[in-house]
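Before any comments, here is the structure.
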Amino acid sequence: MQYDLIIRHARLHRRDGFVDIAVKDGRFAKIAGELSSQSAQKEIDVACRLVVPPFIDAHVHLDAVLTVGQPRYNATGTLLEGIQIWSERKRSLTREDVKKRALEEIRWEVAQGTLYIRSHVDVCDPNLTALRALIEVREEVHDICDLQLVAFPQDGILSFPDGRELMRQAMELGCDLVGGIPHYEWTRDMGVEDVHYAFALAKEFNRDIDCHCDETDDPLSRFTEVMAADAMQQGWQGRVTASHCTAMHSYDNAYAFKLIRLLSRAQVNVVANPFDNVVLQGRFDTYPKRRGITRVKELLAGGVNVALGHDSIMDPWFPLGEGDMLAAAQLALYLCHMSGYEEINDVLDLITINAAKVLRIQDTYGI
């Protein structure tokens, strides 16, 4: 057989020795210790380097990328000031503006090996400008990148006027997932209802759920448990992701252990975002200051699927970033004390096979 491509002398993740990888018609046709007798239109000798599947960015905000300093910079560096600045910036959003910035950032990610992206899109806008633009982007980039869109109620489903209706319109327009933000609602009861509504909408449209949840230092913010309970009660196990969950770094160990068991039982994914988490959390601390990121190491040990996102890229929340998921993984390694040999392998999983489970593409992903 004449192959299109043979990658020679490759090292595969969690596999001893070296292999040759043959590709035909865009698919892996054969993986063997040596394919010396086979030929291909193109051959690449990677000289015993590691070959991995494409990276996955499980959490980013393409509608806000590359807006840093517009209309002003985040002087306090806090999450809340970032939200206020974004509320001012999104008044001037146009279809062309959103598409131009999003396409540029996607090119950055693709150039650095990320071919799967899940983007949250702010739908607290009566015109749904950003969502309409990113739906077009999703189609335009499908040859180079798989893009999932989450209907994200930045200002709350209940706290924002017509929030429920805007979420429904977003799903009708073609969002892939239902989002939420319970910890940002005005009251605890409204936060619980935020989660319940997200599940009701997801069941109605048969969609998965990915909510920003407990993105705060407050140890009393405990909506992740509500998501896990709803997942089991509604039969949505394996279809739910809780993003951020940074309050877990403030929970006492007894409650954190109980929650981890609940998340594992409910098959709820957790996505940590090391760049934003370490920058935005702990802003009210003196010393010692919290690291900000959720309990990645403990969640993995407890059987919870964990992945990483880049989250913000040069926007009101994080003024840096270039869409490099390997850099996100490296930062997570530092923050989560995952520097042991096997733990380093686990960190690579956070932007590959674990993230594939979050996006529910594991059956067609990998080498």
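The values are calculated or read from the model by the stated rules, or taken from the named source; none is laboratory data. Quick caveat: nothing in here was measured; it's all calculated off a predicted structure. Backbone-built Cβ (ideal geometry, glycine too); neighbour counts: all protein chains shown.
Pairs linking a residue in segment 86-104 that is under 11 Å from A64 (Cα atoms) to a residue that is surrounded by 14 or more Cβ atoms within 10 Å (Cβ to Cβ) and among the β-branched types (V, I, T), with Cβ atoms under 6 Å and 6 or more positions apart or on different chains, are R89/T67; L93/T129; K99/V137; R101/V65; A102/V137.
Scanning segment 4-36 for residues that are among the acidic types (D, E) and assigned to a strand (DSSP E or B), which turns out nearest to Y341 (Cα to Cα)? Out of the qualifying residues, it is D20. Listed by first and then second residue, the pairs linking a residue in segment 120-138 that is assigned by TED's automatic domain parsing to the domain that holds Q169 and farther than 15 Å from R89 by Cα to a residue that is assigned to a strand (DSSP E or B) and of a type in the set (F, W, Y), with Cβ atoms under 9 Å apart and 6 or more places separating them unless they lie on different chains, are H120/F152. On the stretch given as segment 237-261, residues that are farther than 27 Å from S312 by Cα and within 19 Å of the chain's Cα centre (by Cα) total 1. Restricting attention to segment 99-119 and to residues that are out of contact with any Phe, Trp or Tyr (no Cβ under 7 Å at 6 or more places or on another chain) and outside any helix (DSSP H, G or I), the residue that is surrounded by the most Cβ atoms within 10 Å (Cβ to Cβ) turns out to be I117.
Look at segment 182-206: where a residue is within 13 Å of R164 (Cβ to Cβ) and a partner is crowded, with 17+ Cβ neighbours inside 10 Å and of a type in the set (S, T, Y), sitting 6+ places away or on another chain with Cβ atoms under 6 Å, you get E185/S159. Counted as qualifying within segment 276-360 are the helices (runs of 4 or more DSSP H) with 1 or more residues that are in contact with a strand residue (DSSP E or B) (Cβ under 7 Å, 6 or more places away or on another chain) and farther than 26 Å from V121 by Cα, namely 296-301.
In segment 213-233, is there at least one residue being assigned to a strand (DSSP E or B) and either surrounded by fewer than 24 Cβ atoms within 10 Å (Cβ to Cβ) or touching a Ser or Thr at 6+ places or on another chain (Cβ under 7 Å) (or both)?
Yes, that holds for at least one residue.
G156 meets all of the listed conditions (1) outside any helix (DSSP H, G or I); (2) closer than 29 Å to T114 by Cα but one, namely (2).
If I ask for residues that are β-branched (V, I, T) and assigned to a strand (DSSP E or B), which ones from segment 241-275 would you list? Once the filter is applied, which keeps residues that are β-branched (V, I, T) and assigned to a strand (DSSP E or B), segment 241-275 yields T241, V268, V270, V271. If the condition is being within 18 Å of C245 (Cα to Cα), of a type outside the set (D, E, K, R) and part of a loop (DSSP other than H, G, I, E, B), then segment 166-185 contributes G179, G180, I181.
Inspection of segment 37-55 identifies at least one residue that is at pLDDT below 95, on the phi < 0 side of the Ramachandran plot, more than 24 Å from the chain's Cα centre (by Cα) and part of a loop (DSSP other than H, G, I, E, B).
When L35, L80, L50 are checked against the criterion of being out of contact with any Asp or Glu (no Cβ under 7 Å at 6 or more places or on another chain) and in contact (Cβ under 8 Å) with a residue 24 or more places away in the chain, L50 stands alone in meeting it.
G238 fulfils the conditions (1) within 21 Å of L80 (Cα to Cα); (2) not polar (S, T, N, Q); (3) not in a helix (DSSP H, G or I) except for a single criterion, (1). Annotation: S264 fulfils all but one of (1) surrounded by fewer than 20 Cβ atoms within 10 Å (Cβ to Cβ); (2) small (G, A, S); (3) within 16 Å of D176 (Cα to Cα); (4) within 21 Å of the chain's Cα centre (by Cα); the unmet one is (3). Any idea which residue in segment 70-98 is nearest to V278 (Cα to Cα), counting only those that are of a type in the set (G, A, S) and surrounded by 14 or more Cβ atoms within 10 Å (Cβ to Cβ)? Checking each candidate, the answer is G77.
V19 meets each of the listed conditions (1) surrounded by fewer than 16 Cβ atoms within 10 Å (Cβ to Cβ); (2) not assigned by TED's automatic domain parsing to the domain that holds V240 apart from (1).
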